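Undergrad: Please find one structure pasted underneath; my questions will follow.
The values are calculated or read from the model by the stated rules, or taken from the named source; none is laboratory data. Bear in mind that the values here come from a model prediction, so they are computed numbers and not experimental data. So basically every Cβ, Gly included, is an ideal-geometry build from the backbone, and we count neighbours across all protein chains shown.
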Amino acid sequence: MRRWEHLPKRSAGYDFSRADYSEARQRAEETARATLGDELWEELGRLGYLDVPSRRYRGVTYRLRVGRRIEVLAEEGVRQPWLYPFLCINPTYPLPEVEFFAHLYLYVRDHEERVIRVAAPQPWDQALGRTF
């Protein structure tokens, strides 16, 4: 199959064993830590999120949390750029949550325009569907 829709959400596939998931998550954590660097990795561990200020919208911050939608925060007196406070972006194929988090951090930080173009504004928060 060429598409991933046939897989259950939060799954890498029917043939992925517990050991496969464990190994994938361990490698993902190593990758995320190397991508973010020790300082941001420790901040993520301490706070449970990383805030990335918008370069396009003054007074707007993207709050990134592992395995969750992006929360859009606006300073007092600043209008939200979207009708809803959450942005949904899922990976194209199943990935460990923390690995996708590192990808998303780099995209929000370095390619905000792409994120704005593909993200789906949502009225509520929830877990991402293609991460495990």
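Undergrad: So the check is Cβ under 8 Å with 6+ separation or different chains; which pairs have a first residue in region 111-127 that's farther than 17 Å from Val52 by Cβ and a second one that's small (Gly, Ala, Ser) and modelled with pLDDT of 95 or more?
TA: Close Cβ pairs satisfying both conditions: Ala127/Gly67.
Undergrad: On to the next question. Please tell me if Arg33 is modelled with pLDDT of 95 or more and outside any helix (DSSP H, G or I).
TA: Details: modelled with pLDDT of 95 or more: yes; outside any helix (DSSP H, G or I): no.
When the stated conditions are applied, Arg33 does not pass them.
Undergrad: Any idea which residue in region 41-70 is surrounded by the most Cβ atoms within 10 Å (Cβ to Cβ), counting only those that are farther than 23 Å from Thr131 by Cα and touching a residue at least 40 places away in the same chain (Cβ under 8 Å)?
TA: Of region 41-70, the ones farther than 23 Å from Thr131 by Cα are 53-61.
Of the ones still in play, those that are also touching a residue at least 40 places away in the same chain (Cβ under 8 Å) are 54-56.
Details: Ser54: 18, Arg55: 12, Arg56: 10.
Step by step, filter region 41-70, then rank; the result is Ser54.
Undergrad: Identify, by number, the condition in (1) buried (at least 18 other Cβ atoms within 10 Å of the Cβ); (2) outside any strand (DSSP E or B) that Arg25 doesn't meet.
TA: Among (1) buried (at least 18 other Cβ atoms within 10 Å of the Cβ); (2) outside any strand (DSSP E or B), the lone unmet condition for Arg25 is (1).
Undergrad: Just for region 107-131: of the residues that are of a type in the set (S, T, N, Q) and within 14 Å of the chain's Cα centre (by Cα), which one is surrounded by the most Cβ atoms within 10 Å (Cβ to Cβ)?
TA: Looking only at region 107-131, we keep the residues that are of a type in the set (S, T, N, Q), and these are 122, 126, 131.
Cutting the leftovers down to within 14 Å of the chain's Cα centre (by Cα) gives us 126, 131.
Values: Gln126: 11, Thr131: 23.
Here the answer is Thr131.
Undergrad: Only one residue in Tyr21, Tyr57 is in contact with a strand residue (DSSP E or B) (Cβ under 9 Å, 6 or more places away or on another chain) and either of a type in the set (Phe, Trp, Tyr) or modelled with pLDDT of 95 or more (or both), so which one is that? Before you say what the answer is, go through the steps one by one.
TA: Values: Tyr21 fails: in contact with a strand residue (DSSP E or B) (Cβ under 9 Å, 6 or more places away or on another chain).
Unique residue meeting the criteria: Tyr57.
Undergrad: Hey, another quick one. What tally of residues in region 79-106 results from selecting those that are under 18 Å from Trp41 (Cα atoms) and surrounded by fewer than 18 Cβ atoms within 10 Å (Cβ to Cβ)?
TA: So in region 79-106, the residues under 18 Å from Trp41 (Cα atoms) come out as 96-106.
Checking the rest, the ones that are also surrounded by fewer than 18 Cβ atoms within 10 Å (Cβ to Cβ) come to 103, 106.
Total meeting the criteria: 2.
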